[in-house]
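Here the structure is laid out as structure tokens; the discussion comes afterwards.
Just so you know, all these numbers are worked out from the coordinates, no wet-lab data involved. Fair warning: this is a prediction, and the values are worked out from it, not measured in the lab. FYI the Cβ positions are ideal-geometry reconstructions off the backbone, even for glycines, and counts take in every protein chain you see.
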Amino acid sequence: MVDLAWPDPNDCSILGKRTPRIDGPDKTTGRAKYTYDINRPRMLWAKFATCPYGRAKVATLDTSAAEAMPGVVAVEVIAPVGTECKVHFQEVACVAAESEEVAREAARRIKVTWEVLEPCVSDDDVEMAGNKAKKGKEQLTDGFDAALAGAAVVSETEVGCSILTHCCLESHGSMVEVAEQDGKTAVTAWSSTQAVSGVGGEFASAIGVEGSQVHVICQHMGGGFGSKFGADLWGALAARLAKKTGRPVKVMLERDMEIALAGSRPSAFATMRVGVKDDGEIVAWESAAWGSGGNTGGMGAPGLPYVFGNIPHKKTQTTPIFTNSGNARAWRAPNHPQMCLLTMAALSDAAAELGMDELEFFRKNLGLTARADVYREELAIAAERIGWAKKWIPRGEQKGVVRRGLGLAMHTWGGGPHTSNVQCTLHPDGAVEIRCGTQDLGVGARTAIAVVAAETFGLPLEKITVLIGDNRYPQSDGSGGSTTIGAISTATRDACVKAVNQMLAAVAPELNAPAEQLVAKEGMVRAAGSTAGGLPFADACRRIGAQPIVTMGTTQRGNGMSSSQVGGVQMAEVEVDCETGIIRVVKMVAVQDVGRIIDLLTTESQVRGALIMGVCAALYEERVMDPTTGALLNPDLEFYKLAGIADVGELDVHMMQTDEHLKRGVIGIGEPPAISPMAAISNAVANAIGARVKRCPMTPDRVLAALKA
């Protein structure tokens with residue numbers, strides 16, 4: 001019989017190894033169908049007329065020219081006369097037409113006159129924001145003033161980072177079909193969503209039907225990063241227009257609307273003071289932080305200082321700034337990268353002020369973190385892999401035009417599993433089918449499920465069929481918070497163990513052995529520990545009878561199956577040209593606690609992707625707003641800059657896989673490695689040039705300004 005517990009890594013043939021993604025061939029050949037690829041008979045395209053200002057009121061609205069165009073089937077007004085639009089590209093009306101080109105042109109012909117209002121888009125100066133920013137309540141611990149006054153050194157840091165957008169390569173959208181079947185309304189929604197099992201209710205509410213009448217499908221999606229949980233206004237409009245016209249309607253955002261409205265990561269800025277003793281021990285922390293997540297404010301948890309939360313004496317204040325820009329959405333470790341940057345920059349500056357090696361300073365203060373032993377081990381590994389001892393030069397001691405520097409950062413995350421259900425069907429011919437209402441954001445969820453099933457049944461990967469991305473399959477929660485892998489892997493293991501054990505019980509009489517002594521391994525069913533005799537797996541399955549074995553598995557928490565809380569350390573080596581201000585990332589090292597790994601290749605890929613996103617945030621990405629009109633000035637991927645393959649340098653990933661880590665079970669890894677890169681790169685640049693660049697992205701002009709200052 002097979003135990004529920006994860007098998008010993010030494011006994012695994014596929015679990016924990018490097019396994020290529022099973023959907024790779026479909027994606028590279030174009031067989032994989034994304035929401036954008038779904039085209040239905042008689043389908044209509046929908047496009048939007050939008051607000052051209054950061055803040056304005058609709059004075060008049062005339063849709064007659066659009067309605068008169070050949071090929072236009074329906075026009076829906078979203079912002080009637082008198083509506084105040086608070087964001088550039090906010091939706092005013094929607095046109096459904098026979099083709100994408102006609103819909104786009106009809107949207108342009110909608111005539112709107114505007115009462116232009118004064119916008120507020122400044123988020124980097126809390127005083128400039130004026131009454132838009134209500135200062136947060138100050139938090140103060142006893143003895144702070146005395147601790148700061150008694151410190152041997154008090155360093156001061158001012159640093160921040162800009163608002164970033166999600167830039168999902170597949171924009172937000174849905175393809176919705178509404179049909180009448182047996183007197184009932186049936187809705188099919190192909191939606192690019194992170195919540196296949198949960199989003200159907202939004203489509204249902206849009207047209208007044210029950211959630212059970214909505215069939216949601218998302219076989220593949222081109223990125224979400226936290227921004228694609230809901231159907232949004234766009235999905236609701238697709239449903240309403242489909243019902244109104246009796247034809248399928250596709251709504252996929254144009255890139256400008258995608259960047260402006262479909263989610264952003266809040267900015268964050270702070271002035272900080274850190275009090276330390278002569279030996280480097282931190283005794284006091286003071287910070288005044290502010291930032292914006294658009295109309296929703298921003299600057300939520302976690303607070304400052306990040307990771308080093310046990311500093312004994314603290315004084316903190318956080319101010320959210322409301323601006324006329326697109327609202328914040330969860331963005332791969334919400335608010336952690338920003339708080340990491342602020343904290344790690346302040347600590348790095350404190351070490352430099354004291355004249356202490358940054359690595360030794362962080363080691364000295366690990367007792368102020370919640371996972372000192374993990375960080376100590378990771379710091380040692382990362383330092384060795386980047387060559388810290390040989391390459392470290394104290395800040396301010398480098399000369400010449402081109403200078404190199406090192407920097408580090410640390411992070412934490414939860415990653416515990418959400419609720420998930422998995423159905424396993426073991427057919428009499430030996431075929432295995434797994435069904436789960438989860439989704440794959442492009443990170444390898446299908447492959448992880450297949451790996452667990454293949455290991456449990458002792459079969460090669462190609463013998464497992466995985467069906468996901470459909471809300472008719474067993475319910476699984478949305479993919480957010482790095483909760484998916486722990487949920488789907490343990491639920492799959494639970495379902496498959498139940499199925500294989502039923503099969504072993506059925507075949508035991510023929511093998512003249514108790515079921516408890518049988519195992520399925522390497523395509524055979526035989527006595528545990530034996531390498532001879534037994535039955536081929538398919539032959540054994542024929543003994544179960546004419547009907548397949550069908551089992552249900554659920555999320556398994558604890559008992560070594562899954563848990564939460566991980567820590568990670570990252571180090572960066574950069575090269576800075578002090579004449580041009582251009583920064584080049586030479587190498588990034590990521591050492592990550594992760595628990596038990598299902599697919600090492602996919603896990604390493606997750607971390608590398610996070611490092612690349614961190615390089616983008618540190619050096620390139622920034623949403624630029626016109627302070628006068630409130631207009632978004634770079635709503636495309638030409639001027640909203642992302643890193644290219646030559647910009648990311650060498651990426652060195654090390655996963656912590658000792659027995660102590662493995663016994664914790666599966667923990668999510670999607671978000672934690674995205675937290676530290678920006679902070680590590682910022683610290684490396686400060687080490688190289690002897691000055692703190694006060695804002696990320698650290699563009700050449702900002703580097704030169706820091707050098708001049």
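Checking (i) 396; (ii) 169; (iii) 291 against volume of the Cα convex hull per residue in Å³ calculated from these atoms, the matching label is (ii). Work out how much length ASP373 to LYS27 would gain on full extension: take 0.36 nm times their residue separation and subtract the Cα-Cα distance, in nm to one decimal. Additional length available on full extension: 120.4 nm. When DSSP beta bridges are restricted to pairs lying wholly in region 417-554, around 75% turn out antiparallel.
Only lysine pairs 8 or more places apart or on separate chains count here, and in region 550-709 those with Cα atoms under 23 Å apart total 4. With a simple spin-label model that places each label point 7 Å from the Cα along the Cα-to-Cβ direction, the separation between LEU140 and GLU101 comes to 6.8 nm. Report note on the peptides 403-414, 355-366, 643-654: ranked by the mean count of other C-beta atoms within 10 Å, highest first, their order is 403-414, 355-366, 643-654. Put in order of Cβ neighbour count within 10 Å, fewest first, the listed residues SER155, SER174 become SER155, SER174. For the pair THR580 and SER13 in one chain, pulling the backbone fully straight at 0.36 nm per residue adds 198.9 nm over the alpha carbon distance. Looking at region 1-80, the trypsin sites (Lys or Arg not before Pro) that sit in a DSSP loop and have at most 15 other Cβ atoms within 10 Å of their own Cβ are LYS17, ARG18, ARG31, LYS33, ARG42. To the nearest Å, what is the center-to-center distance of region 95-113 and region 639-684, using C-alpha atoms only? Distance between centres, Cα-based: 43 Å. Other residues whose C-beta falls under 12 angstrom from the C-beta of ALA495 contribute a net charge of +1, scoring Lys and Arg +1 and Asp and Glu -1.
For the peptides 633-639, 486-492, 577-583, the ranking by mean Cβ contacts within 10 Å, running from highest to lowest, is 486-492, 577-583, 633-639.
Packing, as the average of other Cβ atoms within 10 Å across residues, places the peptides 214-221, 462-469 in the order 214-221, 462-469, highest first. When the chain is described by a simple charge dipole with +1 on each Lys and Arg Cβ and -1 on each Asp and Glu Cβ, the residue from ILE217, PRO700, GLN90 located farthest towards its positive end is ILE217. The distance separating the Cα centre of region 453-530 from that of region 308-350 comes to 43 Å. How do CYS541, CYS168, CYS424 line up, fewest other C-beta atoms within 10 Å first? Fewest-to-most Cβ neighbours within 10 Å comes out as CYS168, CYS541, CYS424. Simple point charges give the picture: +1 on the Cβ of Lys and Arg, -1 on the Cβ of Asp and Glu, and for region 326-464 a dipole about the Cα centre of about 460 debye. Within the chain, helices built from complete DSSP H runs that reach 24 Å or longer along their own axis (Cα positions) and carry a mean Kyte-Doolittle hydropathy of 0.5 or higher are 336-354, 484-511, 600-619.
In this rough spin-label picture, where each label sits 7 Å from Cα along the Cβ direction, the ALA152-GLN517 distance is 7.0 nm.
Compactness ratio of region 417-554: Cα Rg over 2.2 N^0.38 Å, N = residue count? In units of the 2.2 N^0.38 Å rule of thumb, it is 1.07. Each of ILE468, ALA236, PRO41 was placed along the dipole of the chain (beta-carbon charges, centred on the mean Cα), and the one lying farthest toward the positive end is PRO41.
Applying 1/(1 + (r/R0)^6) with R0 = 22 Å to the Cβ-Cβ distance of LEU633 and VAL116 gives a FRET efficiency near 0.80. The length gained on full extension between ALA538 and ASP182, counted as 0.36 nm times the residue separation minus their Cα-Cα distance, comes to 124.0 nm.
By the count of neighbouring beta-carbon atoms within 10 Å, fewest first, LEU504, LEU241 end up ordered LEU504, LEU241.
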